[in-house]
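The structure appears right after this line, and notes come after that.
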Amino acid sequence: MSETILNIKSLKVEYNTQEGSVKAVDNLSFSLNKGETLGLVGETGAGKTTTALSIMQLVPNPPGKIVDGEIYFNGINLLNQKNDEMRKIRGNKISMIFQDPMTSLNPVMTVGSQIAETIMLHQKFSKKRAAEKAEEMLDLVGIPKNRAGEYPHQFSGGMRQRVGIAMALSCNPELLISDEPTTALDVTIQAQVLELMKKLKEQFKTSMLLITHDLGVVAEVCDKVAIMYAGKVVEFADVHTLFTKPKHPYTKGLFNSIPSLDEEVDRLKPIKGTMPDPTNLPRGCSFHPRCPYAQEICKVQEPDITELEDGTKVSCLIYQGLVSDGK
């Protein structure tokens, strides 16, 4: 049996805005085993980044608040930890690579000193030894050691993302959270950064939670996938099962909207409509206004999570036998 490193149970996170209460994450549950990479996939506004910030205990309060749920890391409920205890975990046992490296790096500190500061905080190294380790980490991600004395603005986007990876891995964390690490990069640099992350993950034996909306990245890097929609996980499966036999209508819609090299089509099949207003989510299944299989019951009954024979967990009334999928 694989050992679970992260287990999220019934997590609810809300933001209070002028328009009303936003359910950013609603009754979210999933787990991650040691050494695995889990892809958290969904459109903008699905709740992916809020989930990551909840694990790190960095949800901005106000306006955000964790309303309910449990987040277990190595059997410890992070939501019960005090600020001092979380500071020892954050950056040390759990690290995060942020979406935009320009805003996550300090513009008035050299990249070497930023990495060294993280190392000194958690590893109790001397200033000299921390500076040496920072140079070693830069070298590990393909940045020459002599650039440790340069500032973030002197690096390209891809190089800044490498600095972020070096900083995140500098204390050899057990869990690495990566929030859309390739979004701001061009395709060739994306491939380099992903290959680097895969190599370092195996080298450091780190578990990873990869947040993305790119299914190509998921296929390349992940072992398991959680598909999010309107703050909920609607499908959870291993990557091969998800790509060969997607179950949820939303997951099927995502794959239908991707161009295929195997078949010639004049037009792609986009998912109709848009993500619902998070301050006014639909009753019943939140996907029903966009679902091709939706029936009257979908407008009033919220689906439960159903575990299927192949291990997939899916939240849809079709798999509870209450709705027909038209077959």
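Coordinate-derived values only; no laboratory data. In this text the structure is predicted, and so the values were computed from the model without any measurement. Don't worry about glycine lacking a Cβ; one is built from the backbone with ideal geometry, like all the others, and counts go over all protein chains shown.
How would you rank L105, L169, going from fewest to most other Cβ atoms within 10 Å of each one's own Cβ? Can you show the working numbers first?
On the way: L105 19, L169 22.
Least to most surrounded, the residues fall as L105, L169.
Grab every C-alpha pair in segment 6-75, bin the distances at 10 angstrom width from 0 up to the longest one, and report whole percents.
It works out to 19, 54, 23, 4, 0, in whole percents.
Along the charge dipole of segment 68-203, which of N172, S104, T182 sits closest to the positive end, that is, farthest toward it, with unit charges on the beta carbon of Lys, Arg, Asp and Glu (+1, +1, -1, -1)?
Of the candidates, N172 comes out farthest on the positive side.
Under a point-charge model restricted to the Cβ atoms of Lys and Arg (+1) and Asp and Glu (-1), what is the dipole moment magnitude of segment 237-327 relative to its Cα centre, in debye to the nearest 20? Don't skip to the answer; put the middle values down first.
Working: 11 positive and 13 negative charges, 66 e Å.
With Lys and Arg at +1 and Asp and Glu at -1, about 320 debye.
Modelling each spin label as a point 7 Å along the Cα-to-Cβ direction, I'd like the M102/Q301 distance in nm, to one decimal.
5.1
Between D262 and Y293, take the C-beta separation as r, use R0 = 25 Å, and let me know the FRET efficiency to the nearest 0.05. Working shown, then result.
Working: r = 25 Å, r/R0 = 1.00.
The formula returns an efficiency of 0.50 here.
Rounded to the nearest 0.05, what FRET efficiency is calculated for D223 and N61 with R0 set to 30 Å and r the Cβ-Cβ distance? Please list the in-between numbers first.
On the way: r = 33 Å, r/R0 = 1.09.
With a Förster radius of 30 Å, E is 0.35.
Pairs of alpha-carbon atoms within less than 8 angstrom and 6+ residues apart define the contacts here; what relative contact order does segment 131-185 have, in percent? Before the final figure, lay out each step's value.
Values: 34 pairs, mean separation 20.3, N = 55.
Relative contact order of segment 131-185: 37 percent.
Positive end of the dipole of segment 247-320, charges at C-beta (+1 Lys, Arg; -1 Asp, Glu), about the Cα centre: which of L268, C285, L254 has its Cα farthest in that direction?
Going by the Cα projections, it comes out as C285.
What number, rounded to the nearest 500 deg cm²/dmol, is the helix-based mean residue ellipticity at 222 nm of the chain, given -39500 (n - 2.57) per DSSP H run of at least four residues and division by all its residues? Don't skip to the answer; put the middle values down first.
Numbers: 10 runs with 99 residues, N = 327.
Here the helix-only value at 222 nm equals -9000 deg cm²/dmol.
Between [x] 1.09; [y] 0.99; [z] 0.96, which matches Rg/Rh (Cα atoms, Kirkwood Rh) calculated for the structure shown?
Answer by label: [y].
What is the Cα centroid distance between segment 22-44 and segment 277-297, reported in whole angstrom?
Segment 22-44 and segment 277-297 have Cα centres spaced 21 Å from each other.
Once you treat every alpha carbon in segment 247-320 as an equal point and sum by Debye, what is log10 I(q)/I(0) at q = 0.17 Å⁻¹?
-0.74
For the chain, which longest stretch is free of loop sites, where a loop site is one of the GluC sites (Glu not before Pro) that DSSP puts outside H, G, I, E and B and that has at most 11 other Cβ atoms within 10 Å?
Working: sites that count: E3, E19, E263, E264, E309.
Longest site-free region, per DSSP loop and neighbour criteria: 20-262.
Can you tell me the 0 to 90 degree angle between the C-alpha axis of helix 187-204 and the longest principal axis of the chain, rounded to 10?
70
What is segment 178-327's relative contact order, in percent, from Cα pairs under 8 angstrom and six or more apart in sequence?
Numbers: 165 pairs, mean separation 25.6, N = 150.
Computed value for segment 178-327: 17 percent relative contact order.
With labels modelled as points extended 7 Å from the Cα through the Cβ direction, what inter-label distance (nm, one decimal) is found for Q18 paired with D139?
5.4
For segment 198-327, what's the radius of gyration and Dmax over Cα atoms, in angstrom?
16.1, 52
Between K269 and E150, what is the label-to-label distance in nm when each label sits 7 Å out along the Cα-to-Cβ direction?
Label-label distance for K269 and E150, simple model: 4.8 nm.
So which aspartates and glutamates pass the test for K12, namely a Cα distance under 19 Å, with those fewer than 8 places away in the same chain ruled out?
D26, E43, D68, E70, E235, D277, E302, D304
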